[in-house]
């Protein structure tokens with residue numbers, strides 16, 4: 001039998017997986033959007049009639065401060081994305097292929113696994129008037145013997161919110177840009193430009209940036225969507241009078257007055273419109289910059305201010321990293337603090353009393369977080385491997401249309417469809433259940449697992465499969481004995497990424513769990529306003545440790561397998 005016939009003979013259900021995944025994404029989102037759309041027009045089933053009304057929209061417009069909330073949401077998304085992208089692009093342009101770039105790549109990547117709200121809580125400990133920074137410089141530099149009466153966090157302009165989001169979005173865009181650069185020969189392009197007299201930053205911007213930007217456009221849009229509609233980070237760092245629109249919507253959705261639910265549904269559609277307008281605005285800015293960039297290419301500027309740009313880029317990125325590190329360290333100290341009076345720079349005494357006092361309360365939230373994270377990451381990994389294997393067998397890469405579908409849960413604001421999804425769960429009589437929360441987490445975990453694994457999975461030489469088929473090996477045996485063992489480390493890392501995403505999800509847990517389902521994230525956010533830093537630090541630190549342990553296992557377990565025992569398992573008949 002010829003090789004082609006052997007390849008055609010190996011058929012499996014893998015062909016159906018892309019369709020299943022597409023339905024899995026579109027189904028809940030479409031149902032959720034419809035479940036939000038109808039209440040926004042007061043669609044109320046009555047005896048013998050169904051009526052539509054614009055009353056929720058009129059009431060929404062009449063709410064004091066609603067315009068300010070909309071403006072905060074829009075500008076937070078745009079400014080956060082612009083600053084994060086500028087820092088990342090500038091650093092890549094000035095420092096790629098240097099030792100500093102390698103060190104940053106090594107230490108910045110783990111920061112991606114830390115949940116957004118964990119960094120936000122750490123920054124709250126760090127930047128408040130009684131925070132660690134003020135303590136370190138008081139009273140010898142400031143003269144403060146008690147916390148100053150100034151507003152740093154939750155300022156009306158949302159600057160602290162933007163700062164917290166930028167710290168977390170820089171690692172995400174950094175890794176997305178790094179993945180895009182690996183698809184081209186950036187070093188060769190820059191070397192050619194350097195031979196023509198261009199300085200490093202200008203050479204990178206003129207030769208590499210135009211090639212990779214189309215590949216990172218969707219991640220940029222995802223950052224805009226998240227920054228414009230975040231709830232957990234905005235509760236901790238965002239303004240309160242008025243809050244951002246997404247925070248206001250959550251309050252309305254859980255208002256005892258049923259009429260506020262209709263207003264919240266109308267506001268959720270406004271939130272979706274804000275994200276759409278922000279993305280369109282960004283796209284128009286792209287168009288203008290492309291036109292200006294073409295003129296700059298023709299002009300032939302060599303970039304004489306290169307040294308200053310490289311310095312600013314390094315300072316900006318390293319400053320963000322240091323703030324993130326200090327915020328996590330501050331949170332750890334508070335979780336172990338017995339007494340820490342202002343203006344002492346360090347705790348007066350340390351103890352584990354906060355951990356002991358909360359061990360029983362942590363148990364339920366910890367088990368829920370762990371079980372849902374493991375399940376959603378496992379199912380996502382199975383579906384992703386099946387999709388990629390279906391692609392490998394068909395010989396066709398995933399189309400841009402399918403890639404766009406993967407980004408839909410990241411591009412559509414969570415608040416815009418999760419309320420409608422909750423209505424769907426109520427109809428199915430699974431509202432507030434463990435299975436409903438796990439299903440909601442799966443929608444958001446799967447895209448990150450796919451994006452983490454796709455490039456590495458495709459890079460495996462197809463000659464392994466052809467050789468196995470020629471030797472009469474079945475597809476299952478080839479997968480279990482050759483392909484999956486060779487890809488074990490990237491598979492485990494993708495699993496850890498999915499687990500970290502699940503741990504950090506707040507709104508999906510809140511809505512699918514009907515506010516009654518406890519996880520470490522929901523408990524940490526709910527305690528954010530309590531002012532008890534020891535208890536908040538305990539929950540937030542546990543929330544950070546779970547993803548850290550997952551990544552630690554993923555990166556080190558292969559060292560135990562990739563040895564003589566691993567080689568014997570693959571290349572010999574006897575294990």
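Taken together, the values in this text are just the output of simple stated rules run on the coordinates, not laboratory data. Just so it is clear, the model here is predicted, and its values are computed rather than measured. A quick note on method: Cβ atoms are made from the backbone with ideal geometry, for glycine too, and the neighbour counts reach across all protein chains shown.
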TODO: Quickly estimate the mean residue ellipticity at 222 nm for the chain, helices only: each DSSP H run with n ≥ 4 gives -39500 (n - 2.57), and the total goes over all residues, rounded to 500.
DONE: -24000 deg cm²/dmol
Task: Cα-based radius of gyration of segment 66-335 once divided by 2.2 N^0.38 Å, which approximates compact folds - done: 1.13
Open item on the list: Give the average over all directions of the projected area of the C-alpha convex hull of segment 89-147, one decimal, in nm².
Closed with: 6.0
- [ ] Please work out the Cα center distance from segment 118-174 to segment 501-541, rounded to the nearest Å.
- [x] 21
Task: Residues 441, 261, sorted so that the one with the fewest Cβ neighbours within 10 Å comes first - done: 261, 441
Task: For the chain, fraction of C-alpha pairs farther apart than 38 Å, in % - done: 36
TODO: Divide the volume of the convex hull of the Cα atoms of segment 64-198 by its number of residues and quote the answer in cubic angstrom per residue.
DONE: 171
TODO: For the chain, calculate the relative contact order in percent as a whole number, restricting contacts to Cα pairs under 8 Å that are 6 or more residues apart.
DONE: 23
